[in-house]
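What follows is one structure encoded as C-alpha cells, with my remarks underneath.
Just so you know, all these numbers are worked out from the coordinates, no wet-lab data involved. In this text the structure is predicted, and so the values were computed from the model without any measurement. Using ideal geometry, Cβ is built from the backbone for each residue, glycine included, and neighbour counts are taken over all protein chains shown.
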Amino acid sequence: MKKLSIIVLISGNGSNLQSIIDSVEAGQINGQITAVISNKADAYGLVRAKKHNIDQRVVSHKDFNSREHFDLALSETLTLLNPDIIVLAGFMRVLGSALIQAFERKILNIHPSILPSYKGLNTFQRAIDNQEKEHGVSIHIVTPELDDGPAIVIGRYPILTDDTISDLQGKGHQLEHRMYPQVLRWLGQGDLQINADTIMFQEKLLERPIEFEYRETT
Ligand code: GRF
C-alpha cells in the first residue's frame, strides 16, 4: 500500500507534531511527513521538525496584507507538495473556503472540545465556567465553517471539581498525543477512508465519531 504523504501545519509548540513524528519513526504509520509548515517563524515545532530532518517551511501571515493572499501562498506551497493529508496541529489561523475547497476532505484538525460543543477559542475556561462534568478532544474534517466539519474521533475526560485550565490541557494532550497518530495509522493502512459524502471505517459507514479511550494518569 502506498505511503501516506502527510503535511503538518503548526503555529507553536508542536507537541502533537512530535507525537506524529515519533509514531512515523517507530514504523506505526504507513506514511511520511513530507513537510512541516508554520505561519510563525519562531514556532518550536519547526525545531522539532529540523531535529528529525523534516522539511520545514514558514509561510508567515505577516508577509501578506490579506487572508486571501496568505491563503493563496499557502495553497501554492501545498499544491507543489501534493500531500495525501494535511494535518492541522495547533495551527492558529482560520483558513478561507477557497483553500479548504481546493483540498477538500484532505484537511484534518484537532480541537480541544467534544464537538459540536465549544467551537472556537478558550474551550477549557468556558467548560469550567459552565461547570461541565466532562470535556474532550475531537479530530474532525475541516470544512469552511469554523470547527464544524464531521468529527472522526472523540476522546472524553472528566472535569474534577478543582481542575484548572492547565489540568484540562494536560488531560487533553494525553488524549491528543495518541489520537492523531491513531487516525493517521488508520488512514495509512486504509482502515479509514474519507470520501465525498461518507467516512468509512473498517469497511463500515462511520455514522458517529469513534470514541477514543481516556487513560487516567497518576
Ligand atoms: C492542541 O492542544 C490542540 O488541541 C489545539 O492546539 C494545541 C496545539 O498544541 N488545536 P501543540 O502545538 O501540538 O503542542
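Rg/Rh, computed from the Cα trace of region 39-166 with Rh as the Kirkwood radius, has the value 1.01.
With bins 10 Å wide beginning at 0, the percent of Cα pairs of the chain falling in each bin runs 8, 34, 38, 18, 2. Across region 123-218, the fraction of Cα-Cα pairs farther apart than 21 Å, rounded to a whole number, is 39%.
Listed by chain and number, the lysines whose alpha-carbon sits under 27 Å from that of residue 3, ignoring those within fewer than 8 places in the same chain, are 50, 51, 106, 204.
Note that region 141-149 has calculated 3J(HN,Hα) couplings of 7, 7, 10, x, 7, 4, 6, 10, x Hz, one per residue in order, obtained from phi through the Karplus relation 6.51 cos²θ - 1.76 cosθ + 1.60 (θ = phi - 60°); glycine and proline are x. Taken along the Cα-to-beta-carbon direction at a fixed 7 Å, the label points for residue 134 and residue 98 span 4.2 nm. For the pair residue 167 and residue 202, the difference between a 0.36 nm per residue extended length and the Cα-Cα distance amounts to 9.2 nm. With helices as the sole contributors, the chain gives -10000 deg cm²/dmol at 222 nm; each DSSP H run of n ≥ 4 counts as -39500 (n - 2.57), and the sum is divided by every residue. Residues whose amide H lies under 5 Å from that of residue 4, counting only those 5 or more places away or on a different chain, are 31, 32; hydrogens are built 1.01 Å from N in the peptide plane.
Rounded, prolate or oblate for region 142-195? Axes are the square roots of the Cα gyration tensor eigenvalues, ordered a ≥ b ≥ c, and the cut-off for rounded is a/c under 1.5. Oblate, since a/c reaches 1.5 and b/c is not below a/b. Karplus-derived 3J(HN,Hα) values for region 97-113, using 6.51 cos²θ - 1.76 cosθ + 1.60 with θ = phi - 60°, are 5, 5, 5, 4, 5, 5, 10, 3, 6, 10, 10, 10, 10, 10, 10, x, 6 Hz; glycine and proline are entered as x.
GNM on the chain, alpha-carbon springs under 10 angstrom: the most fluctuating residue among 111, 52, 140 is 52.
For residue 133, a cut-off of 28 angstrom between C-alpha atoms picks up these lysines, skipping any fewer than 8 places away in its own chain: 119, 171.
Look at the Cα gyration tensor of region 27-76: its axes a ≥ b ≥ c give a/c of at least 1.5 with a/b at or below b/c, and that counts as oblate.
Given in Å, the Rg to one decimal and the Dmax to the nearest whole number for the Cα atoms of region 5-106 are 13.0, 42. Protection proxy ranking of 127-136, 171-180, by the mean of other Cβ atoms within 10 Å over each peptide's residues and highest first, is 171-180, 127-136.
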